[in-house]
Amino acid sequence: MNQTIVSEVSNNLLFRYRIHCERFQGQAKSLSELPDACRLPIFSELDKNHDKPFAELRAAWSPDGMYFWLKVKQKKQALWCRNTQLLESDGLQVWIDTRDTHNIHRASKFCHWIVLLPTGGTGDGKNPIASMLNINRAREHSPTVNQMPISISSSIQTGGYLMSAFIPAGTINGWNPDEHRLIGFHYVVIDRELGSQSLGVGLEYPIAEDPSLWSSLVLKG
C-alpha cells in the first residue's frame, strides 16, 4: 500500500505580505508612543503551533530613519537580558532590506539585522541595548553596521515592558524613501517565559539570514 507523507509547513509560506508603514511627523527625541495606525499585524497567528501573542509592535518611517515602539505584557517572571548573549535575550529583533529583494536566499549589502533589548546594558545593567549584527552567510555585509548610534529607551513595568527606538538613516544602507517605497522587513519578539512572536514565519525557519522569508513594508505618506 502506498503511503503519502505530508510534512507540515507554515501557512505564511503561502503568502507574500505587503504592510503599510505610516510616516512619522514627530522628532526622535520626543518619541514616546507611535499612534495606533502604526500597529503591525501578527501573521504568525495563521499557524497552528504559534505561541499566544504577548506583544504589540508599531513601526513608522521618516526621511531620517525608522521608528519602533514595542509593548510586551503578560509576563510574570523577571526579564532575562545579557549583553553577551544578545540573541538569547528577551527583546526585539528586526530585519530591514532597503531594496525589498525576495528572490535571494543570502543577504545583500542592503540587508540589516538589528537587536533591541529593554535592559542588560552598561552601568548597572539596567540600560537598554541596541546593536546591529552582521548577517550570517551574507554575500556582502552592510557598510553601515553600527556606523551611527541607535536611540533607544525602555520602561520596565509590572507584567512586561515598553521600548522605543529610532534607527537613523545613516545606519540603514540604501535608505532612500523618495526612490524606494518598498522595503523588505521581518521581526521577532523573543521572551524566555512567553516564547516568540513574529510577523510571519518563525524561528523554525532561517529568518535571520534568508531575505526571501521576509515581508514588505510600503512606506506611506
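Is it true that GLU209 is surrounded by 15 or more Cβ atoms within 10 Å (Cβ to Cβ) and among the acidic types (Asp, Glu)? So that I can check it myself, show each step before the final result.
On the way: surrounded by 15 or more Cβ atoms within 10 Å (Cβ to Cβ): yes; among the acidic types (Asp, Glu): yes.
So GLU209 passes the test.
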Quick check: is even one residue across segment 162-173 open to solvent by 10 Å² or more (accessible area, probe 1.4 Å), β-branched (Val, Ile, Thr) and either touching a Pro at 6+ places or on another chain (Cβ under 9 Å) or over 28 Å from ARG16 (Cβ atoms) (or both)? no
GLU140 passes all but one of the listed conditions (1) more than 19 Å from the chain's Cα centre (by Cα); (2) on the phi > 0 side of the Ramachandran plot; the exception is number (2)
All-but-one check, LEU79 against (1) within 18 Å of the chain's Cα centre (by Cα); (2) among the aliphatic types (A, V, I, L, M); (3) in a loop (DSSP other than H, G, I, E, B), failing number (1)
The correct count of residues that are surrounded by fewer than 21 Cβ atoms within 10 Å (Cβ to Cβ) and part of a loop (DSSP other than H, G, I, E, B) in segment 196-206 is 5
Of the residues in segment 192-221, those that are within 27 Å of LYS52 (Cα to Cα), touching a Lys or Arg at 6+ places or on another chain (Cβ under 7 Å) and among the charged types (D, E, K, R) come to GLU193, GLU209
Regarding MET132, is this residue within 20 Å of ALA208 (Cα to Cα) and either open to solvent by less than 20 Å² (accessible area, probe 1.4 Å) or of a type in the set (Ser, Thr, Tyr) (or both)?
yes
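Residues that are of a type in the set (A, V, I, L, M) and in contact with a strand residue (DSSP E or B) (Cβ under 9 Å, 6 or more places away or on another chain): list the strands (runs of 3 or more DSSP E) wholly contained in segment 114-172 that include at least 3 such residues.
On the way: elements: 129-133, 151-157, 160-168.
Strands (runs of 3 or more DSSP E) meeting the threshold: 129-133, 160-168.
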When every residue in segment 81-123 that is among the polar types (S, T, N, Q) and open to solvent by 50 Å² or more (accessible area, probe 1.4 Å) is compared, the one modelled with the lowest pLDDT is THR122
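Of all residues in segment 27-57, how many are outside any helix (DSSP H, G or I) and either touching a Ser or Thr at 6+ places or on another chain (Cβ under 6 Å) or at pLDDT 70 or above (or both)? First the steps, then the outcome.
Filtering segment 27-57 for residues outside any helix (DSSP H, G or I) gives 27, 31-35, 39-42, 47-57.
Now drop any that are not either touching a Ser or Thr at 6+ places or on another chain (Cβ under 6 Å) or at pLDDT 70 or above (or both), which leaves 31, 33-35, 39-42, 47, 50-57.
Of the residues in that region, 17 qualify.
The values are calculated or read from the model by the stated rules, or taken from the named source; none is laboratory data. Since we're looking at a predicted model, the values are computed, not measured. With ideal geometry, Cβ positions are generated from the backbone for all residues, glycine too; neighbour counts draw on all protein chains shown. Remember, those area values only see protein heavy atoms, side chains included, never the ligands or the DNA or RNA. Shrake-Rupley method; radii C 1.70, N 1.55, O 1.52, S 1.80 Å.
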